[in-house]
Amino acid sequence: MRIHKIFFRVFIPLCMIYLNININVATCHSLHHQQFLLLHFKDSLVFNPATSEKLVHWNQSSVCCQWNGVTCSKGVVIGLDLSQEFIFGGLDNSTLFELEYLQRLNLAYNHFNSSIPVNFGKLKSLRYLNLSNAGFHGQIPGEISHLTYLTTLDLSTPLTSQPILKLQNPNISMFLQNLAKITELYLDGVKLATLEKLSIIRLSLNNISSSVPEFFANFSNLNVLEISSCSLSGLYPKGIFQLQILKVLDISNNRDLHGVLPNFIQDAPLHTMNLSNTNFSGKLPGSISNLTQLVHLDLSFNRFTGPLPSFKMVKNLRYLSILNNNLTGVITTTHFEGLENLLSINLGDNYLSGNIPMSLFTLLSLQELTLSHNELDGLLDEFPNASSSKLELIDLSSNRLNGHIPVSIFHIKGLRFLQLSDNEFNGTMRLDMVQRLQNLHTLSLSHNKLSVDVTLKDDHDISSFPSMKYLLLGSCNLGEFPGFLRNQTQINALDLSNNQIQGEIPNWIWRFKSLVYLNLSNNFLTNMEGPFDDLNSNLYILDLHSNQLTGSVPTFTKYVVHLDYSINKFSTAPLNMDKYVPFVYFLSLSDNNFQGKITESFCNLSSLRLLDLSYNSFNGLIPKCLMRRNSTLRVLNLAQNKLQGYVSDTISITVVDKALQMKLIKIPTIFASLDLSSNHFEGPIPEELHVDDLLYMLFPQLGFFYEHHKGQRYRSLRWTG
């Protein structure tokens, strides 16, 4: 028993000490050997000592684990970072490949100007290998694929250059077969054998953030290229457009990608071309008519200029959009002549001028025609066979069209959307013409020179009126609320502004559950029909400004975000406004008959950005909570009231500029606009508050102008560009 105790207490500890000594001796020997290998490795390299920040300091005077670029763990070298050391050669047959414990190796951004040595395959412990942009060229050795512990491999080269590294034998599938643990693989710019034979490339919705490689134009088998929404930038290679068998090209939604269209080859096979929301420019080539197989063409939201080319030879074209460009010139009858398959034309938001050829309305299959926001003018003529037209959408808004609206339009039975606003149409139009259009859900005639007659013959006409979702009849010389509206249970938006409607607002107008936008501004409305007790409107936007409404403001718009009651005769509002309009963003009570103190409940409107209480008779002090730093308020107008007291000087702003640093009192940093003019405030303005000079110094685009309102002269500030 005593012998056992001696054994455990003496002999085993002595053995452990002996074993530890041997391990330490072995470790020291191993580290000494690795330092020897590293110094020989350094001596074999060709580099510039003047630019080196790591290798130049490697020497015998210190342990290698202390050298810049060397990482050790448990007495062995496991990491080596010699990136950006301007190494020019000397890697072949190097002692580098004898560092058996090496787990991380970074030789990126050097100038080896050689092929990748096959000896990299000896570094069996490697987890991370970065040889990117290091000047290597030629075939990537298959030996690298034997590094089975690799999780990260970077062999990328600049995408702007021609491929200098290639992976052809083995190909990429064979190369990756043994790399079971790889999680990050970078082969940008590497010429892959399999890529040259690719027929389909789909990389959309990836954050690639690079230019499009020039060598894509060499993919002679490419049939589909979809790289939309990839944060691509730079100049798009013209050669890709001219690939012999390319059928689908989608590079849309890459705003920093720019280029011009080439001259297209005869009978090019392109079926779909989508360049929308990129940054292409230049003229649209006439050779676009060579794309005889084209079905879908979207060039919207670019900077194309010049005239519209003819598409009459593109017989298969079904969808065309050149929306939001800078096209000029006229649309002729021959531009789309004979296109029997065309379903949609969108040329909106350009600078096209002249008359609209009525042949567009007679294209056999056309369903959507959008020519809005151009400079088109002249009369719209009647067109034949309107009843057989397939048109469902017509948008001619924001042009200079004049004369009468052609009756032919109201014979297009399938019409769902008719937008003719912001033109110069004139004459009287009877709204009962719309009854023929039973599929119509959107009608906009606002801001023309029209007089719209909204009277219907009988109750049958009212009940048979199409179910509208959007009805915009602003500036249509209406004298009353259209009677058919009370049956429009699906209405979402209603604009009757700038008319001659008098009297009371009917109670039923508040009871549409789907109505979210209502504009009755600039009429002669005097009151609102009750009762209001059971009302609970779903309106988001309500505009009643510039009427003659009296009494208390409506309080049944719980979900409203934009509320304009200005320029009326309202005299009362609930003290707890936040209870009735909790989500309001824009609130104007300007130019009414409000009196008394400004309620602090405005401060509880957590979403409020603009509050206009000007031109009333509010008195007393400004609630301090309106001026707090943590307020969401950005625009506050309290001008032309009877407010008193001092403006709090507890809020200040410090403006710092390269040539200016000063502290301004009484300008809350939260406000983009603050107007407290024409009240009864007391106290001096601090001498350091030279607002006019400061604003002009910081923002020279600002200019001061004098304006007149209600017999008063005001100095106002405007952005002059």
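No lab work stands behind these numbers, since they all come straight from the coordinates. All figures in this text were calculated on a predicted structure; none of them were measured in a lab. Virtual Cβ from ideal backbone geometry, glycine too; neighbours counted across all protein chains shown.
Summary table
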{"quantity": "Residues with amide H under 5 Å from that of G306, placed H, sequence gap 5 or more", "calculated": "T328"}
{"quantity": "R0 of 56 Å, Cβ-Cβ distance L39-S281: FRET efficiency to nearest 0.05", "calculated": "0.45"}
{"quantity": "Phi to ³J(HN,Hα) by Karplus 6.51 cos²θ - 1.76 cosθ + 1.60 over region 605-613, Hz, x for Gly, Pro", "calculated": "7, 5, 9, 5, 10, 10, 10, 10, 10"}
{"quantity": "Built amide H within the under 5 Å cut-off of F47, gap 5+", "calculated": "F88"}
{"quantity": "Out-of-range pairs (alpha-carbon distance over 27 Å; input K413/K469; K513/K597; K74/K124; K579/K624; K54/K74; K74/K181)", "calculated": "K513/K597"}
{"quantity": "Shape category assigned to region 190-296 from the gyration tensor of Cα positions, a/c cut at 1.5", "calculated": "oblate"}
{"quantity": "Label-to-label distance, nm, for residues given as E382 and T183 (7 Å Cα→Cβ offset)", "calculated": "7.5"}
{"quantity": "Kirkwood hydrodynamic radius of region 24-181, from inverse mean 1/r over distinct Cα pairs, in Å", "calculated": "16.3"}
{"quantity": "Neighbour net charge for L102 - beta-carbon separation under 12 angstrom, K R +1, D E -1", "calculated": "+1"}
{"quantity": "Spacing of the two label points (7 Å from each Cα toward its C-beta) at D92 and S289, in nm", "calculated": "6.1"}
{"quantity": "Computed lengthening from T334 to S571, 0.36 nm per intervening residue step minus Cα-Cα distance", "calculated": "79.1 nm"}
{"quantity": "Relative contact order of region 536-603, defined on C-alpha pairs under 8 angstrom at six or more residues apart (%)", "calculated": "32"}
{"quantity": "Cut-off under 5 Å, modelled amide H: who pairs with R430 long-range", "calculated": "D453"}
{"quantity": "Inter-probe distance in nm under a simple model that places probes 7 Å from Cα toward Cβ, at S209 and N536", "calculated": "4.9"}
{"quantity": "Segment M433-N619, length gained on full extension (0.36 nm per residue, minus Cα span)", "calculated": "61.6 nm"}
{"quantity": "Point-charge dipole on Cβ atoms (K/R +1, D/E -1) for region 30-192, about Cα centre, debye to 20", "calculated": "280"}
{"quantity": "Charge context of I331, other residues only, Cβ under 15 angstrom, K/R +1, D/E -1", "calculated": "-4"}
{"quantity": "Bins of 5 Å, starting at 0 and running to the largest distance - Cα pair percent for region 220-368", "calculated": "2, 10, 19, 24, 23, 14, 7, 3, 0, 0"}
